[in-house]
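As structure tokens, the structure follows; a few thoughts come after it.
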Amino acid sequence: MADRLRSAPEPMSLKGKLLFGVMGAAAAATSLLASSCAARCSGCMGCLTGGAGIAGVLLGAKIAHTIRGRLSNTQEEGNQTRRTSYEHDPEST
Amino acid sequence: MSVFTRLRQLSTRAKIRYAILAAAILLFLPPLSIIPQFFGETRFCGTWCLRMFMKVPPTPYILFATFMGVALIGVVLAVTFFLGRYWCGHVCPIGGVSELGSKLVPRKIKIDYSSIPAPAVRYGYFLVFLLAPVLGIGGLCCSLCNFAIVPHVLAAPTDGSCAAFLLTTIGGTSLALFTLLGVWSKGGRGYCNFMCPVGALDSLVNVVGAKLGFRRMQVEKVACDGCGTCQTVCPAWAISKENNAAEISQLSCVSCGKCQDACPRGAIHHGR
């Protein structure tokens with residue numbers, strides 16, 4: 001059941017975690033565009049850019065992660081199919 | 001299935017948790033704002049602000065204005081250290097609105113962010129949150145703050161200024177972000193998991209407490225058969241599977257106990 005629920009490969013490497021950490025930092029950097037707007041608006045639309053940036057970073061990360069998971073699942077299935085066909089094909093030996 | 005049938009099916013622990021969350025919402029948030037009203041306020045933006053103490057340097061105004069916020073953070077972190085993240089899972093009214101609100105969104109259209117490693121994103125965000133004021137490039141305290149937007153939403157029907165705030169660009173953006181990451185996310189804790197600085201601080205204290213042997217949510221590896229039921233119900237996406245057994249990440253767990261109720265083998269408990 002859990003295998004079906006989690007499409008992404010686990011556990012994640014340190015490099016992967018660092019990459020997502022950088023994404024979080026990027027989200028915070030876009031959030032900086034929105035800072036202090038609540039107190040005084042100058043009509044710069046920084047808040048909109050900041051919000052869109054955060055949503056973009058997170059949704060982008062999710063899409064990238066899902067695609068990566070699906071690709072790795074497809075690759076695994078492909079390997080299994082090849083192995084099975086090799087094992088059951090008498091001519092292949 | 002009707003709401004009442006679903007409520008009846010809940011465990012006593014879950015009923016108590018939802019009752020505490022509902023009480024915290026009534027006590028801290030508009031339209032009643034019972035506790036803030038003792039201090040002449042109606043929202044979290046002032047004496048009760050839990051975020052502003054992170055602003056550097058702390059001017060006398062900030063220290064004075066955030067006295068209750070600082071005291072509350074102290075209590076929250078102390079409870080977390082000894083018992084686990086009970087503030088986030090059982091009391092936080094903002095997280096409560098988000099989690100309870102997410103139950104109104106149909107499951108089919110919810111966004112499942114659980115594939116993203118939330119702690120990595122959270123601490124990347126938190127690092128900039130802490131460093132930005134020190135480097136003099138601005139503060140993120142009030143930027144798209146969940147403690148600001150939720151009270152505005154709840155007060156909007158009775159307070160014209162709050163309704164007007166939601167129609168501004170910053171109000172609309174904050175609302176959209178809170179909806180997308182909070183109410184609309186699987187479990188309703190997306191905003192807490194990715195962007196809440198209080199949650200980030202609380203998680204660190206939670207890990208330190210766990211390392212020192214205080215009680216936390218634990219999985220009995222021998223009893224767990226890795227069915228993944230706990231993973232589906234966890235609102236904080238704290239459970240993963242390692243070596244065919246569930247593993248709870250103390251960096252994300254909010255001690256809500258949902259996994260404990262859901263586990264068909266009774267393999268999860270709150271202990272050492």
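The values are calculated or read from the model by the stated rules, or taken from the named source; none is laboratory data. Because the structure is a prediction, the values reported are computed rather than measured. For neighbour counting, all protein chains shown are included, and Cβ atoms are generated from backbone atoms with ideal geometry for every residue, glycine included. These area figures cover heavy atoms from the full protein model, side chains too; ligands, DNA and RNA do not enter into them. Shrake-Rupley method; radii C 1.70, N 1.55, O 1.52, S 1.80 Å.
Values as computed for the structure displayed
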| item | result |
| --- | --- |
| Complete set of residues in segment B:148-176 that are under 20 Å from A:LEU32 (Cα atoms), open to solvent by less than 10 Å² (accessible area, probe 1.4 Å) and under 15 Å from the mean Cα position of the chain (by Cα) | B:ILE149 |
| Qualifying residue in segment B:117-135 (condition: more than 19 Å from B:LEU204 (Cβ to Cβ) and buried (at least 24 other Cβ atoms within 10 Å of the Cβ)) | no |
| Conditions (1) surrounded by fewer than 21 Cβ atoms within 10 Å (Cβ to Cβ); (2) in contact (Cβ under 8 Å) with a residue 40 or more places away in the chain; (3) more than 14 Å from chain A (Cβ to nearest Cβ); number of the one not met by B:HIS90 | (1) |
| Complete set of residues in segment B:117-145 that are in a loop (DSSP other than H, G, I, E, B) and more than 10 Å from chain A (Cβ to nearest Cβ) | B:GLY136 |
| Those residues of segment A:1-48 which are in contact with a Lys or Arg (Cβ under 8 Å, 6 or more places away or on another chain), open to solvent by less than 60 Å² (accessible area, probe 1.4 Å), modelled with pLDDT under 75 and at the interface with another protein chain (Cβ under 8 Å from one of its Cβ atoms), in sequence order | A:ALA2, A:ARG6, A:SER7, A:ALA8 |
| Selection within segment B:95-111 - over 20 Å from the mean Cα position of the chain (by Cα) and part of a loop (DSSP other than H, G, I, E, B) | B:PRO106 |
| Evaluation of B:SER114 against (1) closer than 12 Å to A:ALA28 by Cβ; (2) open to solvent by less than 20 Å² (accessible area, probe 1.4 Å); (3) not in a helix (DSSP H, G or I) (one fails), failing number | (1) |
| Filter result (open to solvent by 20 Å² or more (accessible area, probe 1.4 Å) and aliphatic (A, V, I, L, M)) within segment B:136-147 | B:ILE137 |
| Contacts under 7 angstrom Cβ, first residue in segment B:48-61 being closer than 22 Å to B:LEU127 by Cα, partner modelled with pLDDT under 65 and surrounded by fewer than 19 Cβ atoms within 10 Å (Cβ to Cβ), 6 or more apart | none |
| Among the residues listed as B:CYS230, B:CYS259, the single one being more than 25 Å from B:ALA78 (Cα to Cα) and under 20 Å from the mean Cα position of the chain (by Cα) | B:CYS230 |
| Single unsatisfied condition, B:SER102 versus (1) within 14 Å of chain A (Cβ to nearest Cβ); (2) polar (S, T, N, Q); (3) in contact with a strand residue (DSSP E or B) (Cβ under 8 Å, 6 or more places away or on another chain) | (1) |
| Lone unmet requirement of (1) more than 24 Å from B:VAL205 (Cβ to Cβ); (2) assigned to a helix (DSSP H, G or I); (3) within 14 Å of chain A (Cβ to nearest Cβ); (4) at pLDDT below 90 for B:ILE149 | (4) |
| Within segment B:178-222, considering residues that are over 19 Å from B:ALA236 (Cβ atoms) and aliphatic (A, V, I, L, M), the one farthest from the other protein chains (Cβ to nearest Cβ) | B:LEU212 |
| Residue match in segment B:184-202 (condition: within 26 Å of A:GLY60 (Cα to Cα) and either assigned to a strand (DSSP E or B) or out of contact with any helix residue (DSSP H, G or I) (no Cβ under 9 Å at 6 or more places or on another chain) (or both)) | yes |
| B:GLN9, sole failed condition from (1) touching an Asp or Glu at 6+ places or on another chain (Cβ under 9 Å); (2) open to solvent by 20 Å² or more (accessible area, probe 1.4 Å) | (1) |
| Residue that is least open to solvent (accessible area, probe 1.4 Å), among those in segment B:100-111 that are farther than 30 Å from A:LEU18 by Cβ and among the charged types (D, E, K, R) | B:LYS103 |
| Residues being open to solvent by 70 Å² or more (accessible area, probe 1.4 Å) and either closer than 14 Å to B:ALA148 by Cα or assigned to a helix (DSSP H, G or I) (or both) - total across segment B:32-41 | 3 |
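Rundown of residues vs (1) over 15 Å from the mean Cα position of the chain (by Cα); (2) of a type in the set (Val, Ile, Thr); (3) modelled with pLDDT of 90 or more, yes/no style:
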position	(1), (2), (3)
B:VAL183	no, yes, yes
B:ALA200	no, no, yes
B:GLN218	yes, no, yes
B:CYS224	yes, no, yes
B:LEU251	no, no, yes
